[in-house]
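> Before I ask anything, here is the structure I am working with.
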Amino acid sequence: MNSEFCEISKDSRSYIALGRMNGAGFINGFSRRSGGVSRGKIEGFNFGFRVGDDPDSVLKNYELLADDLGFDLSRAVCARQTHTNNIRIVTPMDCGKGIFQIDSDIRDIDGLITNERGIALIIFTADCVPLLFCDPVNKVAAASHAGWRGTAQNIGGRTVRLMREKFGTDPKDIIAAVGPSIGVCCFEVDRATAENFDEKYRIPKPNDKFHVDLWAANRDMIAAEGVRPENIFISGECTVCNSDRYYSYRTHKEHTGRQVAVICIK
Ligand SMILES: [Zn+2]
């Protein structure tokens, strides 16, 4: 794990967080699987309401998360993610959507941005790349879900652009975190999928397969929007290599829960 990230442990639950983001006034964290009240095949700290878990258990997990990280759950927001590059500006009208109103109007959305204090933006993943962004000067927070489709559609770069357009963010002020997700070590795809990415992110393998580096692709697309490379931090934890510690779709197939990435302006 990148040493810029620190581990937070509460009872049997654990998170990693970017210290600089916290120091800049933003609660942030990436959850791990251990602890939590979910049982059965997706035992642990699951945040997906649509993966066959008991909804009461999922809600309890959200309560534990909010207590651990120190945000108000009633004001938190999740999207119904569908691997798009659509981004929503979150306002106080959206508080509770995706958690207390599971079928909300925040659907087909894979990125969330707000400048409201105390509204936690939550993205869930199980191998896909979670991206967190903060602008400490204008106090803007963002979270995006970048699977290979979202990465190919540059959701990270679009997030930076929207922070600039809507809130006057100077990309040079942004601190960004690329959270635990499938690494180049494990992300093997066929040629058709690999061809969505520049050659520099692809490693050819036997049988016309390729490994793709989604972390580097996201880092470079975020940097291309003006974010300083030294302000982009990759956690370096692969969810497949560490599938005992994280939910991993590649490893556990349809019997997998979802971990979360959270950011909230203090
Ligand atoms: Zn790996």
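> In Å², what does the accessible area per residue of the chain work out to with a 1.4 Å probe?
41
> Please identify, among PHE100, PHE45, PHE26, the residue showing maximal mean-square fluctuation in a Gaussian network model of the chain using a 10 angstrom Cα cutoff.
Greatest mean-square fluctuation among the candidates belongs to PHE100.
> What is region 12-265's relative contact order, in percent, from Cα pairs under 8 angstrom and six or more apart in sequence?
So the answer I get is 23 percent.
> Further question: If contacts are Cα pairs under 8 angstrom and at least 6 residues apart, what is the relative contact order of region 1-70 in percent?
22
> Choose one answer from ILE119, ILE87, ILE203: the residue with the largest mean-square fluctuation in a GNM of the chain with alpha-carbon springs under 10 Å.
ILE203
> Set the Förster radius R0 to 25 Å, insert the Cβ-Cβ distance between PHE167 and PHE100 as r into 1/(1 + (r/R0)^6), and round the FRET efficiency to 0.05.
For R0 = 25 Å, the calculated efficiency reads 0.40.
> Ignoring ligands, DNA and RNA, what percent of the accessible area of region 12-265 is carbon or sulfur (1.4 Å)?
45
> Now for a different question. Taking the Cα of ASN138, stepping 7 Å toward and past its beta carbon, and measuring to each backbone N in region 20-60: which are under 20 Å?
Flagged as within label range: 21-22, 24-27.
> Taking R0 as 22 Å, what's the FRET efficiency between THR82 and LYS253 from their Cβ-Cβ distance, rounded to 0.05?
That pair, THR82 with LYS253, gives E of 0.70.
> In deg cm²/dmol, rounded to 500, what helix-only [θ] at 222 nm does the chain give when every DSSP H run of at least 4 residues adds -39500 (n - 2.57) and the total is split over its residues?
After summing the helix terms and dividing by the residues of the chain, the value is -6000 deg cm²/dmol.
> While we're here: Rounding to the nearest 20 debye, state how big the charge dipole of region 12-265 is about its Cα centre with +1 on each Lys and Arg Cβ and -1 on each Asp and Glu Cβ.
Dipole about the Cα centre, nearest 20: 100 debye.
> Got a sec? What order do LEU59, LEU73 fall in by accessible area at 1.4 Å, biggest, i.e. largest, first?
Ranking LEU59, LEU73 by accessible area, largest first, yields LEU59, LEU73.
> Only Cα pairs under 8 Å and at least 6 apart count here; give the relative contact order of region 125-266 as a rounded whole percent.
The normalised contact order for region 125-266 reaches 32 percent.
> Once you list every other residue whose beta carbon is under 13 Å from the beta carbon of ARG50, what net charge do they have if Lys and Arg are +1 and Asp and Glu are -1?
Around ARG50, the charge tally is -1.
> Let me check I've understood the local charge: for SER38, count other residues with C-beta under 11 angstrom from its C-beta, Lys and Arg +1, Asp and Glu -1. What total comes out?
So the environment of SER38 carries a net charge of +1.
> Accessible area of ARG33, 1.4 Å probe, to the nearest 10 Å²?
Counting only protein heavy atoms, the figure is 40 Å².
> Along the Cα→Cβ direction, 7 angstrom out, place labels at ASP11 and ARG228. What is the inter-label distance in nm?
4.0
The values are calculated or read from the model by the stated rules, or taken from the named source; none is laboratory data. Everything quoted here is computed from the prediction, not taken from an experiment. So basically every Cβ, Gly included, is an ideal-geometry build from the backbone, and we count neighbours across all protein chains shown. Accessible surface areas use protein heavy atoms only, side chains included; no ligands, DNA or RNA. Shrake-Rupley method; radii C 1.70, N 1.55, O 1.52, S 1.80 Å.
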